[in-house]
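To start, the structure itself, in structure tokens.
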Amino acid sequence: MYRQILVPLDGSETAEKVLPYARILAATLKNSVELMGVIDISTQLEKVRYLDTLIDEGVRRSREYLERVAKTFPGASVKCTVEKGRPEEVIIVKAAGEKDTLVAMASHGRSGINRWLLGSISEKVLRVATNPVLVVRANEQGSAEGEAAPDSMIVPLDGSELAESVLPHVVELTKAFNSKVTLLRSYSLKQMIYRVEDYTPDLDELKHELQWEAMSYLDDKVSQLNGAGLVHVFPFVTEGDAAETIIELAKGAPNSWIAMCTHGRSGVKRWVLGSVTEKVVRHSGNPVLAIRAKEAHG
């Protein structure tokens, strides 16, 4: 599934909060790891005297730093690289060079010649990259030490084939980590209420129909995943805003990863998954694995 894990680091403690997740992926999936630093040459620095010397010093320090971090990946094949340019562009291009690369990064960090505004960077990478992206929200309580395996995977689905693009990734990761899976589908009556002349819908009946449809759909997906070899798969249907229900469910399972696509379809029953994913990444304390859904052509 993933042949390499690309881990962008800016030297900050907050950016390092992704390391436990990168380590467990490398150890469990036997992936190679590339630790990457990017020297961000901003427009403000163009007028600074001795810029070349400053950049060269930044490259040297970044390489030394990455080599120290590489020693914390026991038994893994680790490569350290330092690039120059805009961090988000370098990360996206670097990952695109190998389609089986997973990008793993923190959601915020520091700014400066060696340090980036990782919240902004991660969102730009999330929107544009064609590679899978694991985004870890850095916080003061999190540790950069050891490994962090998921106990479970929370998988939001909206009923579209695009959203279901995440399922093959979930199958592989769940087997690797022996974790359970919760399939989540939320619905909102607000999206379904409309007026046609003098028609007023029966809200109780409408709610029952939505619940039944959502549960029937998830039951079918549970059977599909059971057939793929997964044992502990559970459906969960709830009413409410898609992003909020995802965040609340994950909040009760702190060792869970959220796995979802970066976009889906819009309409009364389906989400704009790009928007939902960004909200979840910004506000959830759980790691989010975002998969770029691809439209079918032809």
Per 0.36 nm of contour for each residue apart, how much would the distance between Val93 and Thr238 grow if the chain were fully extended, relative to their Cα-Cα spacing?
48.3 nm
Efficiency of FRET between Ser223 and Ser77 - r from beta-carbon atoms, R0 51 angstrom, step 0.05
0.85
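What is the packing order of peptides 29-41, 239-251, 213-225, 5-17, taking the mean over residues of other C-beta atoms within 10 Å and listing the highest first?
Numbers: 29-41: 20.6, 239-251: 18.6, 213-225: 15.8, 5-17: 23.6.
Taking the mean over residues of other Cβ atoms within 10 Å, the ranking is 5-17, 29-41, 239-251, 213-225.
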Report the calculated FRET efficiency for Lys279 and Asp204 (r = Cβ-Cβ distance, R0 = 25 Å), to the nearest 0.05.
0.25
Links that overshoot a 28 Å alpha carbon limit, given the list Lys17/Lys251; Lys175/Lys221; Lys30/Lys94; Lys71/Lys180
Lys71/Lys180
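Computed from the coordinates by the stated procedures, all read-outs in this text should not be read as laboratory data. Quantities reported herein were computed from a predicted structural model and do not represent experimental measurements. Cβ sites come from the backbone with ideal geometry, for glycine too, and all protein chains shown count toward neighbours.
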